1. Quick check: anything in segment 44-66 loosely packed, with under 12 Cβ neighbours inside 10 Å and assigned to a helix (DSSP H, G or I)?
2. Mind checking which residues of segment 20-34 are without any contact (Cβ under 8 Å) to a residue 24 or more places away in the chain and either in a helix (DSSP H, G or I) or under 12 Å from the mean Cα position of the chain (by Cα) (or both)?
């Protein structure tokens, strides 16, 4: 088995694991039960999409996929931070309402 064939096999297995992880995360996204579970699942899907972009960059030897992966990772991170800030301010309002 040549190294190129081994790399192709490893990439194929990697895609399989990533898409299986996406399916499981999508199930958690749909079922919940809480909003935090859904946000974590959405963040996980974004991270797995970044990993898919990385595998595509390796498979096609196209560095443009790395740029897309970096952009997607940045947007996903900012979305998670924005949600955490929203939850924090909502909790602060609830605490002030009960006082």
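Laboratory data are not the source of any read-out in this text; all were calculated from the coordinates shown. Keep in mind it's a predicted model, so treat the numbers as computed, not measured. For neighbour counting, all protein chains shown are included, and Cβ atoms are generated from backbone atoms with ideal geometry for every residue, glycine included.
1. yes
2. 20, 23, 24, 25, 26, 27, 28, 29, 30, 31
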